[in-house]
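Quick notes on the structure that follows.
Derivation of every value follows stated rules applied to the coordinates shown; laboratory data play no part. Keep in mind that this is a model prediction, so the values were computed, not measured. Here the Cβ is made from the backbone with ideal geometry for all residues, glycine too, and neighbour counts use every protein chain on show.
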């Protein structure tokens, strides 16, 4: 692992956290359409804790750093969001342990571990109208770009574009998991709040990448 | 609604403080994590048994911490899963070389928190496993559940695994026993009134003066049907029949029979229910080997009761018969 690796991971987590805090109201409004409206609040409280603890995180390596993010976020977020996001960071942390350097392929592996963790913890899969419906295809696209030899900027742009398109496309799906599933067919016509939140976060991570 | 309460947000911590002050020799209270643990714990010669859940079900689970029962209980706020870090820190504090068993009633929020705590403390090197309890026959999926809910029958799982741990069983053996007891335990409950969480100050759901909720959950979740009030013997029949059919229990079986009060029903009424249940079982050739009447797993001040049956064999009966010392009951 290099110092650059840790700096890049820190940039991604910090941007994610700052977006969740900045967009609290927007995420809440998205969730209120068919869910219980607490997504914005939950994420903002969890990532506020991440930002508050920021200077105290141990930074021995990427894995250690991400594990502490996992603890911080799941300590504060109530309901089911805490364990879901916490598991995502924990699984990414465990995957980071087996990579000497955090390159594109490692990033894909960490995202894959995170989404697998969310699937297992939330008993959810693709098509259930959750954030997985944005994050999984976006990860697939990122992997495709890297394998086909695209340059890094191109791969990042495609990652964000796919996340957005797939998040918007969740409008067509019926919610099967979480509180939104109580709305059943009424959930059709509105995108999943978690999927849109993921797209917004990825767009910001990608657009601000050159200035990190 | 009149309640003994100061600041509703401090309801759980103030209860835990009182519990600790009342049992200074046997219990230790760690306010940072809502943790009640045995004062002499963790014992490194035995598996640590921990149960977590929301509060509001007392004596479950903070008041059944003690020798021969739980090594620790990790409650959340009223009817809310404990926060992840409480469970994670509790698991690490209870880590014994023989391992930690986390017992959890099957509710989605609790399940996620405890699974994640298991995963993260395992990554830290703690030998920890999780066992889910789902004894409620009334409904399959429910408000907070995928699959069946865990209710008062978890008392038997706790008692059996704790006795096994006390005898020196290793973690795999303790889990085998827990799974076995859960697999032969069945419960169904009824509410005569709703319950009132201290922070809400008003009843959690509407139940008419002449109505009862058959198959109610311990958080007031809906059950099988809303019925008109009826004589006690008919209520026993409607609770006992699905419980007996579910396993099924039958002629020649020996059982433990629990009539559990949900918090607002006098013990006199519970014994009235017990008598009828005992006789109905006898008519079907089912013998009650052990009886339990009182409050084990409540729903705050809800008037109502649940009936639990456990199919006994020599192993389970022996474990239930082992000594235990807890604040609310001496065995």
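When B:12, A:21, B:5 are arranged by Cβ crowding within 10 Å, least crowded first, meaning fewest neighbours, the order is B:5, A:21, B:12. Entry for chain B at q = 0.07, 0.08, 0.14 Å⁻¹: log10 I(q)/I(0) = -0.25, -0.34, -1.08, Debye formula applied to identical alpha-carbon scatterers, no solvent contribution.
Taking a virtual spin label 7 Å from the Cα of residue B:25 along the C-beta vector, which residues in the range B:297-329 bring their backbone nitrogen under 15 Å of it? Those under the cut-off are B:325-328.
Within the range B:245-260, list the residues whose amide N lies under 18 Å from a label point set 7 Å along Cα→Cβ of residue B:283. Within reach of a label on residue B:283, which here means backbone N under 18 Å from a point 7 Å along Cα→Cβ, the range B:245-260 contributes B:245-246, B:249-253.
The translational diffusion coefficient of the range B:141-203, from Stokes-Einstein at 4 °C and 1.567 mPa s with a Kirkwood hydrodynamic radius over alpha carbon pairs, comes to 91 µm²/s. Peptide B:82-90 has a mean shielding of 4, counted as Cβ atoms of other protein chains within 10 Å of each residue's Cβ. Estimate the FRET efficiency between residue A:171 and residue B:140 by the formula 1/(1 + (r/R0)^6), using the beta-carbon distance for r and 25 Å for R0, to the nearest 0.05. In this case the efficiency is close to 0.25.
The convex hull of the Cα atoms of the range B:194-262, projected and averaged over all directions, covers 5.9 nm².
How big is the shadow of the Cα convex hull of the range B:249-306, averaged over all directions, in nm²? Display every interim value, and only then the final one.
Details: hull surface 14.5 nm².
Answer in nm², one decimal: 3.6.
What ranking of B:46, B:245 emerges when the number of other C-beta atoms within 10 Å of each C-beta is taken as an exposure proxy, fewest first?
On the way: B:46 22, B:245 12.
Ascending Cβ contact count within 10 Å gives the list B:245, B:46.
Counting only DSSP H runs of at least 4 residues, each contributing -39500 (n - 2.57), and dividing by the residue count of chain B, the helix-based mean residue ellipticity at 222 nm comes to -10000 deg cm²/dmol. Ranked from largest, the principal axis spans of the Cα set of the range B:89-196 equal 46, 28, 24 Å. Scattering from the C-alpha atoms of the range B:185-313 alone, worked out with Debye: what is log10 I(q)/I(0) at q = 0.14, 0.21 1/Å? Cα-only, vacuum Debye calculation for the range B:185-313: -0.57, -1.18.
Residues B:265, A:4, ranked from the fewest to the most other C-beta atoms within 10 Å, line up as A:4, B:265. When the inverse distances between all different Cα atoms of the range A:3-211 are averaged and flipped, the Kirkwood radius reads 17.0 angstrom. FRET efficiency for the residue B:269 to residue B:7 pair, using the beta carbon distance and R₀ = 35 Å, is estimated at 0.60. In this simple spin-label model, placing a label point 7 Å from the Cα along the Cα-to-Cβ direction at both residue B:291 and residue B:314 gives a separation of 2.6 nm.
The smallest convex shape that holds all Cα atoms of the range B:5-85, its convex hull, gives 91 Å³ per residue.
Looking only at other chains, what is the average number of their beta-carbon atoms within 10 angstrom of each beta-carbon in B:105-117? List each step's numbers first, then the result.
Numbers: counts 0, 0, 0, 7, 5, 0, 4, 12, 7, 1, 4, 11, 3.
Per residue, the number of nearby Cβ atoms from other chains is 4 on average.
Could you give the C-alpha radius of gyration of the protein assembly as shown expressed as a fraction of 2.2 N^0.38 Å, taking N as the number of residues it contains?
On the way: Rg = 24.9 Å, N = 543, 2.2 N^0.38 = 24.1 Å.
Against the empirical 2.2 N^0.38 Å value, I get 1.04 for the protein assembly as shown.
Taking max minus min of the alpha-carbon positions on each principal axis, the range A:97-212 gives extents of 43, 28, 25 Å, largest first.
Evaluate E = 1/(1 + (r/R0)^6) for residue A:150 and residue A:52, where r is the Cβ-Cβ distance and R0 equals 30 Å; express this FRET efficiency to the nearest 0.05.
Result of the calculation: an efficiency of 0.20.
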